[in-house]
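Here the structure comes first, spelled out in structure tokens, and everything after it is commentary.
The values are calculated or read from the model by the stated rules, or taken from the named source; none is laboratory data. Values in this document were obtained by computation on a predicted structure and should not be read as measured data. Reconstructed Cβ throughout: ideal geometry from the backbone, glycine too, with neighbour counts over all protein chains shown.
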Amino acid sequence: MKLDDFNNIDINNAGSLPVAVKAVLLSVIFVVLVGLGYYLIISPELETLDTEQSKEEDLKQTYFNKKSQAINLEAYKVQMVEIEKTFGALLKQLPDKSQIDGLLTDVNQAGLTRGLEFELFKPGQESQAEFYAELPISIKVTGGYHDLGAFATDVSKLSRIVTLGEVSVVNQSKDAKSADGRLVMEAVAKTYRYLDADEIAAKRKAEKEKTAKKGK
């Protein structure tokens, strides 16, 4: 077989071509057909197969997750009951709107009982969260070191939740040599109350209206 055999190929007289040339031509045609078949038929099917296999893995994972949840369903129910009990207990520690004044009186009384002198006791602006409201109270009291500590302890033991933050304690006298042991404590006490049904409904309505305005 020579190179001239390929240069002088007559397609119309292919039957008379040398056997070697026929073999080469058939091999080339075969390779081209296989390549076209892979590109047009097999390759798309392989991509579809990969996609379906990926979906199968996702479905398997979803199945196992659902199965695990079903197996632990009873445990989840028991846990949910415990969470509801805990939430209910915490909720009882939050006063409603009508009890806030009484709670503020309790905080004030806790300081007076320890012999502290209030220079400032000012409720601030209330802010609302999802189901509760937070009321900050700026306080400034004067007293002895141990009395201030006892006051903080008494506040933490109130039946309703009250926290003390942003605490600053300094000597009452600017002249350290004449200090008489009395200290001035400034802090922000925060108490919380739960929102009643009407307040929650109004809050959700306002949020929906706000979201609708943003959508426009």
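Just one of (1) under 26 Å from Y194 (Cα atoms); (2) assigned to a helix (DSSP H, G or I); (3) of a type in the set (A, V, I, L, M, F, W, C); (4) at pLDDT 75 or above fails for L135. It is (2). In segment 98-125, the residue that is modelled with the lowest pLDDT out of those that are exposed (fewer than 12 other Cβ atoms within 10 Å of the Cβ) and hydroxyl-bearing (S, T, Y) is S98.
Does any residue of segment 161-169 turn out to be part of a helix (DSSP H, G or I) and on the phi < 0 side of the Ramachandran plot? Scanning segment 161-169 turns up no residue that is part of a helix (DSSP H, G or I) and on the phi < 0 side of the Ramachandran plot. Restricting segment 138-185 to residues that are farther than 20 Å from T113 by Cβ and modelled with pLDDT of 85 or more leaves a set whose member that is farthest from the chain's Cα centre (by Cα) is N171.
Going by the conditions given, is E199 on the phi < 0 side of the Ramachandran plot, acidic (D, E) and surrounded by 14 or more Cβ atoms within 10 Å (Cβ to Cβ)? Let's see the steps before the verdict.
Values: on the phi < 0 side of the Ramachandran plot: yes; acidic (D, E): yes; surrounded by 14 or more Cβ atoms within 10 Å (Cβ to Cβ): yes.
So E199 fits the description; yes.
Pairs, please: C-beta under 6 Å, at least 6 apart or cross-chain, first residue assigned by TED's automatic domain parsing to the domain that holds K190 and without any contact (Cβ under 8 Å) to a residue 24 or more places away in the chain and in segment 144-168, second surrounded by fewer than 17 Cβ atoms within 10 Å (Cβ to Cβ) and not in a helix (DSSP H, G or I)? Filtered contacts from segment 144-168: E166/V188; S168/E186. I'd like to check something: does segment 73-87 contain any residue that is at pLDDT 75 or above and over 25 Å from the mean Cα position of the chain (by Cα)? Yes, segment 73-87 contains at least one residue that is at pLDDT 75 or above and over 25 Å from the mean Cα position of the chain (by Cα). When residues in segment 126-151 are screened for being crowded, with 18+ Cβ neighbours inside 10 Å and charged (D, E, K, R), 1 of them pass.
Only residues that are touching a helix residue (DSSP H, G or I) at 6+ places or on another chain (Cβ under 6 Å) and closer than 27 Å to E207 by Cα: list them for segment 129-148, please. Working first, answer last.
Of all residues in segment 129-148, those touching a helix residue (DSSP H, G or I) at 6+ places or on another chain (Cβ under 6 Å) come to 141.
Result: no residue meets the conditions.
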